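Below is one structure, written out as structure tokens, with a few remarks after it.
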Amino acid sequence: MFLVDKLINVSDSCSVCPTVLHSLKYFFTGSSGVPNFPEYVSVGLVDDVQTDYYDSITQRAVPKQDWMEKVTGYLPNYWDRETQRCQNDQQVFKANIDIAKRRFNQTGGVHIVQVMYGCEWDDETGVTNGFNQHGYDGEDFVAFDLKTKTWIAPTPQAVITKHKWDGLPGRTEGLKNYLTQICVDWLKKYVNYGRSTLLRTELPSVSLLQKTPSSPVTCHASGFYPNKIMLFWRRDEEELHEDIDHGEILHNHDGTFQKSVDLDVSSVKPEDWGRYSCVFQLSGVEKDIVTKLDPKVMFSLALQFVWIVCGSYTLLTKS
């Protein structure tokens, strides 16, 4: 879906960003025709950590981090206001789905409207950025260009919306003010509330895995935080780009992250394996975690895999 793809791309693009780049993102999803799923869901994230949640079933905005409770010290009715805002947005999204269905000449079926908006702030340089993107049925619909203060419409069905919103200068200025000022101010507050969580550093455990001697070797790093990392294979001191398959950065249940990168070793001679290493780099940490490709270790893992398979087969044939 549109927003999931965008979120993944944002995470990956920050793999080379400094840890001082903070972000506040909101993801809204309105749906129709989806069984056993809320018609409207709102999720907020600070530095890719979920901070709040609302859906059309519970009808209540709730914090997802303990430190988000601190916001009531600044604004006592914060969660009541968030609940009211989400309830209003819920009705807007329902109407927008009907509008989009008419634009695309659709009737029944499953249809989804999604919005992602928010801002970024570099607390070292002070540079900020804002974004507001809309999607329909998994495709981009309209997006706001903060520099030109105009809307971009990649599909003919969205041109009507573009012209309508471009013709509302007051709305445009309000959106610009939110993305460049209000959003950034709230982001700074949230980062301050969650400093102990958001500004922590956790190093991962790194493992090399291979199912069979002909399989790619997987370098798997798990348990790191934040998600602004680089994980790559190198030969001698040169980073490799060919015969490499990068996995996505994924969430762990404990709030940390994991990532893997595969190396195709089918054309690598056994005597050359020692020239290869997997390198993990975490922004803000000077020392890299370097894991050598040890032929003996990889061979023993392959044998262990064969032993497990053969042992399981023996047990099955005897039972």
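The values are calculated or read from the model by the stated rules, or taken from the named source; none is laboratory data. Since we're looking at a predicted model, the values are computed, not measured. Here the Cβ is made from the backbone with ideal geometry for all residues, glycine too, and neighbour counts use every protein chain on show.
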Handout entry: Close pairs (8 angstrom Cβ cut-off, 6 or more residues apart or separate chains): without any contact (Cβ under 8 Å) to a residue 24 or more places away in the chain and over 22 Å from PHE28 (Cα atoms) in the range 117-134, of a type outside the set (Lys, Arg) and assigned to a strand (DSSP E or B) anywhere
Key = VAL127/TRP121
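Does TYR117 satisfy the criteria of being closer than 27 Å to LEU187 by Cα and either more than 19 Å from the chain's Cα centre (by Cα) or of a type in the set (Ser, Thr, Tyr) (or both)?
yes
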Completion exercise
Checked pairs for the range 183-210, first closer than 24 Å to GLY130 by Cα, second surrounded by 15 or more Cβ atoms within 10 Å (Cβ to Cβ) and of a type in the set (Asp, Glu), C-beta under 7 Å and 6 or more apart or across chains, list as LEU198/ASP47
Completion exercise
Sole miss for ILE57 among (1) touching a helix residue (DSSP H, G or I) at 6+ places or on another chain (Cβ under 7 Å); (2) among the β-branched types (Val, Ile, Thr); (3) modelled with pLDDT of 95 or more is condition (1)
Handout entry: Exclusive hit being part of a loop (DSSP other than H, G, I, E, B), of a type in the set (Gly, Ala, Ser), farther than 17 Å from ARG200 by Cβ and more than 25 Å from the chain's Cα centre (by Cα), set SER277, SER266
Key = SER266
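Would you say CYS119 is at pLDDT 95 or above and either over 30 Å from ASN36 (Cβ atoms) or surrounded by fewer than 20 Cβ atoms within 10 Å (Cβ to Cβ) (or both)?
Values: at pLDDT 95 or above: yes; either over 30 Å from ASN36 (Cβ atoms) or surrounded by fewer than 20 Cβ atoms within 10 Å (Cβ to Cβ) (or both): yes.
Yes: the conditions hold for CYS119.
Of the residues GLN84, GLN50, which single one is surrounded by fewer than 19 Cβ atoms within 10 Å (Cβ to Cβ), within 21 Å of the chain's Cα centre (by Cα) and free of Cβ contacts under 8 Å to residues at least 24 places away in the same chain? Quick ask: steps written out before the conclusion?
Working: GLN84 fails: within 21 Å of the chain's Cα centre (by Cα).
GLN50 is the lone residue from the list that is surrounded by fewer than 19 Cβ atoms within 10 Å (Cβ to Cβ), within 21 Å of the chain's Cα centre (by Cα) and free of Cβ contacts under 8 Å to residues at least 24 places away in the same chain.
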Practice task
Of all residues in the range 217-242, count the ones that are surrounded by fewer than 17 Cβ atoms within 10 Å (Cβ to Cβ), over 23 Å from GLY255 (Cα atoms) and out of contact with any helix residue (DSSP H, G or I) (no Cβ under 7 Å at 6 or more places or on another chain).
Solution key: 7
